[in-house]
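Enquirer: Please find one structure pasted underneath; my questions will follow.
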Amino acid sequence: MRRPVDLATLAARGVRSPAPEALPNGERSTPSAEPLYQTSVFDFADVESSEGPLRGEGDGYSYARIRHPNGRSLELTVAALEGAQDALATSSGMSALGCALLAGATTGDRVLCQDDAYGGTRSLLDNHLARFGVTVEYVRATDPACVAAALDRPARVLLVETLSNPLLREVDLPALAALCHARGVLLLVDNTFATPILRRPLEQGADLVIHSATKFLGGHHDLTAGVLAGSHTLIGAARSLSIALGVQAAPLDAWLACRGIRTLDLRMKRAEETARALAARLRADVRVRAVHFPGWGPLVSFELDGDAAARRTVRALAAIELTPSLGGTATGVSHPATSSHRDMAPEARRALGIADGLLRLSVGLETESDLWADLDHALGA
Ligand code: PLP
């Protein structure tokens, strides 16, 4: 008879319920929702079966920094939605971008970036990538002629956003892809604001798509994650860097992102419909100096008469919160001059059109009438 184990041993090892798939045939079932694999490591019966997964080969799991089931589900889901060969799930949108840029560019390379891109992107390029001998230049990507002129000299990467932040300007992706590909330049597109429900940049010629899954993909403001989607080769290079840096998405965050994506289509369409209606109301309102809305998408930016008016309006909002993020179920407002673009010199920021009185609305799932009632009241404060 086996000797009963000591309590310390029992506590250290715990008791696991049988995994449904391990039950005998007649008792077998599958969990309706994907389980959360909150484990950093996977055990093997013998050395032979551990070797492939430890090298990152095959579909097996060994160590969560290399690969884990929830991260892989997020990767496969986004790859399918974006029409990509493969995807990489990371700890944030910024780490996805970092892996893409570090895998795609090296010392001596020239990287071009849309001039009114997300402030964090500019900060990664200016404060960090530039230190490694990568030349960073900003270009008015909404004008293909400006991009063509910038591509007169050799470049490695062009980075643009499907909808720029916060002015929601649209770039002509097929035109930019043609310019890039004629010169062997990699086209990276941040598709965070559109999501594959509204735009699929790979179909329009992009080489890599980046997402902050923290925003609309996740959709509930309860996770931080990023995803990169593209060819096997490009994703393979980025994955190798992600493993070396240890920036794999955490299991819980990947699990939450997968759950969020289940309702992505409904959320994006509802938010877009409401954003369109709010943009029309704001355009017709004399208290609003300018409205930035390209006719589609879940965001609307609008400009008031200066910083004081913007601050007064934010303070007077009762339901809409000041949120330094976007993409949740609740509508949020942001003041780009003091949040996403605070690191830019005020003159440079204003020259891009990001005025001190600019507010950006990330439209959620409330009714349009409730949102307008809140905005209307605050604009009159
Ligand atoms: N890309 C865009 C367009 C963003 O707005 C953000 C964050 O606000 C990011 C990337 C970075 O994403 P994360 O905060 O998940 O790192």
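The values are calculated or read from the model by the stated rules, or taken from the named source; none is laboratory data. No experiment lies behind these values; they were computed from the predicted model shown. Here the Cβ is made from the backbone with ideal geometry for all residues, glycine too, and neighbour counts use every protein chain on show. We work out accessible area using only protein heavy atoms, side chains counted, and drop any ligands, DNA or RNA first. Shrake-Rupley method; radii C 1.70, N 1.55, O 1.52, S 1.80 Å.
Enquirer: Could you derive backbone 3J(HN,Hα) for region 348-364 from the dihedral phi with the Karplus parameters 6.51, -1.76 and 1.60 (θ = phi - 60°), listing whole Hz in sequence and x where the residue is Gly or Pro?
Expert: 5, 5, 5, 4, 7, x, 8, 6, 5, x, 7, 10, 10, 9, 9, 7, x
Enquirer: How would you rank 289-295, 74-80, highest first, on the average number of other Cβ atoms within 10 Å across their residues? Each step should come with its number before you reach the end.
Expert: Working: 289-295: 15.9, 74-80: 21.3.
Descending mean neighbour count gives 74-80, 289-295.
Enquirer: Of the candidates SER62, SER17, SER29, which one comes out as most mobile in a Gaussian network treatment of the chain with C-alpha springs shorter than 10 Å?
Expert: In this elastic network of the chain, the residue with the biggest mean-square fluctuation among SER62, SER17, SER29 is SER17.
Enquirer: Could you work out how far the C-alpha centroid of region 227-247 sits from that of region 299-372, in angstrom?
Expert: Comparing the Cα centres of region 227-247 and region 299-372, I get a distance of 33 Å.
Enquirer: While we're here: With a Förster radius of 25 Å, plug the Cβ-Cβ distance of ASP265 and ALA175 into 1/(1 + (r/R0)^6) and report the FRET value to the nearest 0.05. Write out the running numbers ahead of the final one.
Expert: Working: r = 28 Å, r/R0 = 1.12.
After rounding to 0.05, the efficiency reads 0.35.
Enquirer: Apply the a/c threshold of 1.5 to the C-alpha gyration tensor of region 191-272 and tell me whether it is rounded, prolate or oblate. Walk me through the intermediate numbers first.
Expert: Values: a/c = 2.79, a/b = 1.23, b/c = 2.27.
The shape class here is oblate.
Enquirer: Moving on to the next point. Once the Cβ-Cβ distance between GLU321 and ARG28 is put in as r, and R0 is 45 Å, what FRET efficiency do you end up with, to the nearest 0.05? If you can, show how the numbers build up before the last one.
Expert: Values: r = 47 Å, r/R0 = 1.04.
Between GLU321 and ARG28 the formula returns 0.45.
Enquirer: Using only Cα atoms, what is the ratio of the radius of gyration of the chain to 2.2 N^0.38 Å?
Expert: Working: Rg = 23.3 Å, N = 381, 2.2 N^0.38 = 21.0 Å.
So the Cα radius of gyration is 1.11 times the expected 2.2 N^0.38 Å.
Enquirer: Give me the percent relative contact order of the chain, please, defined on Cα pairs under 8 angstrom at least 6 residues apart. Write out the running numbers ahead of the final one.
Expert: On the way: 731 pairs, mean separation 61.5, N = 381.
In percent, rounded to a whole number, it is 16.
Enquirer: Note down the net charge around GLN204, summing +1 for each Lys or Arg and -1 for each Asp or Glu among other residues with Cβ under 13 Å from its Cβ.
Expert: Values: positive: ARG199, ARG200; negative: GLU82, GLU170, ASP172, GLU203, ASP207.
Residues close to GLN204 contribute a combined charge of -3.
Enquirer: Can I ask one more? Between SER123 and GLU57, what length in nm is gained on full extension when 0.36 nm per residue of separation is reduced by their alpha carbon distance?
Expert: Numbers: separation 66, 0.36 × 66 = 23.76 nm, distance 3.51 nm.
Extra length from SER123 to GLU57 when fully extended: 20.3 nm.
Enquirer: For region 47-58, take each phi angle, set θ = phi - 60°, evaluate the Karplus expression 6.51 cos²θ - 1.76 cosθ + 1.60, and give the result in whole Hz per residue in order, putting x for glycine and proline.
Expert: Result, ordered by residue: 4, 4, 6, 7, 5, x, x, 5, 7, x, 8, x Hz.
Enquirer: Considering Cα pairs under 8 angstrom that are at least six residues apart, work out the relative contact order of region 1-136 and quote it in whole percent. Please list the in-between numbers first.
Expert: On the way: 86 pairs, mean separation 16.7, N = 136.
Relative contact order here is 12 percent.
Enquirer: Please report, as a whole percent, how much of the solvent-accessible surface of the chain comes from carbon and sulfur atoms (probe radius 1.4 Å).
Expert: Details: 9390 of 17600 Å².
Looking at the chain in its full context, I get 53 percent from C and S.
Enquirer: What order, most packed first, do the peptides 43-55, 83-95, 125-137, 334-346 have when packing is the mean number of other Cβ atoms within 10 Å of each residue?
Expert: Numbers: 43-55: 11.2, 83-95: 23.7, 125-137: 14.9, 334-346: 18.2.
Most protected by this proxy first, the peptides run 83-95, 334-346, 125-137, 43-55.
Enquirer: Net charge near THR367: determine it from the other residues with C-beta under 12 Å of the C-beta of THR367, scoring Lys and Arg +1 and Asp and Glu -1. Kindly include the intermediate steps, with their values, before the conclusion.
Expert: Values: positive: ARG270; negative: GLU273, GLU366, GLU368, ASP370, ASP374.
Neighbour charge sum, excluding THR367 itself: -4.
Enquirer: Could you go through region 113-129 in sequence order and give the Karplus-derived ³J(HN,Hα) for each residue, using 6.51 cos²θ - 1.76 cosθ + 1.60 with θ = phi - 60°, rounded to whole Hz, and x for Gly and Pro?
Expert: Residue by residue, region 113-129 yields 9, 3, 5, 9, 6, 3, x, x, 5, 4, 5, 4, 5, 6, 8, 10, 4 Hz.
Enquirer: Plugging the Kirkwood radius over Cα pairs into Stokes-Einstein for region 47-115, at a temperature of 20 °C and a viscosity of 1.002 mPa s, what D comes out in µm²/s? Provide the component values of the computation, followed by the final result.
Expert: Numbers: Rh = 14.3 Å.
It diffuses with D of about 150 µm²/s by this estimate.
Enquirer: Working out 0.36 nm times the residue gap between THR329 and ASP307, then minus their Cα-Cα distance, what length gain in nm do you get to one decimal? Could the numbers behind the result be given before it?
Expert: Details: separation 22, 0.36 × 22 = 7.92 nm, distance 2.71 nm.
The THR329-ASP307 span can extend by a further 5.2 nm.
Enquirer: Hey, another quick one. Determine the principal axes of the Cα atoms in region 232-302, then give the extent along each, sorted from largest to smallest and rounded to whole angstroms.
Expert: Reported extents, whole Å, longest axis first: 54, 24, 21.
Enquirer: Turning to a different aspect of this structure: Tell me, in nm to one decimal, what length is gained between ALA148 and VAL15 on full extension, where the rule is 0.36 nm per residue of separation less the Cα-Cα distance? Walk me through the intermediate numbers first.
Expert: On the way: separation 133, 0.36 × 133 = 47.88 nm, distance 6.33 nm.
Once the chain is fully extended between ALA148 and VAL15, it gains 41.5 nm.
Enquirer: In terms of the ratio Rg/(2.2 N^0.38 Å) built on C-alpha atoms, what value belongs to region 288-346? Write out the running numbers ahead of the final one.
Expert: Numbers: Rg = 11.9 Å, N = 59, 2.2 N^0.38 = 10.4 Å.
For region 288-346, the normalised Cα radius of gyration comes out at 1.15.
Enquirer: If amide H atoms are built 1.01 Å from N in the plane of the peptide, which residues on other chains or at least 5 residues away come under 5 Å of the amide H of THR331?
Expert: Close amide H contacts, sequence-distant or interchain: GLY364, LEU365, GLU366.
Enquirer: Excluding ASN165 itself, what net charge comes from residues whose Cβ is under 11 Å from its Cβ, given Lys and Arg +1 and Asp and Glu -1? Each step should come with its number before you reach the end.
Expert: Details: positive: ARG122, ARG169, LYS215, ARG360; negative: ASP116, GLU161, ASP190.
Local charge sum for ASN165: +1.
Enquirer: What is the antiparallel percent of DSSP beta bridges lying wholly in the chain, to the nearest 5?
Expert: Details: 24 of 42 bridges.
If we restrict to bridges inside the chain, about 55 percent are antiparallel.
Enquirer: OK, next. Cα convex hull of region 253-358: mean projected area in nm², to one decimal? Don't skip to the end; give the middle numbers.
Expert: Numbers: hull surface 31.2 nm².
For region 253-358, the mean projected area of the Cα convex hull comes to 7.8 nm².
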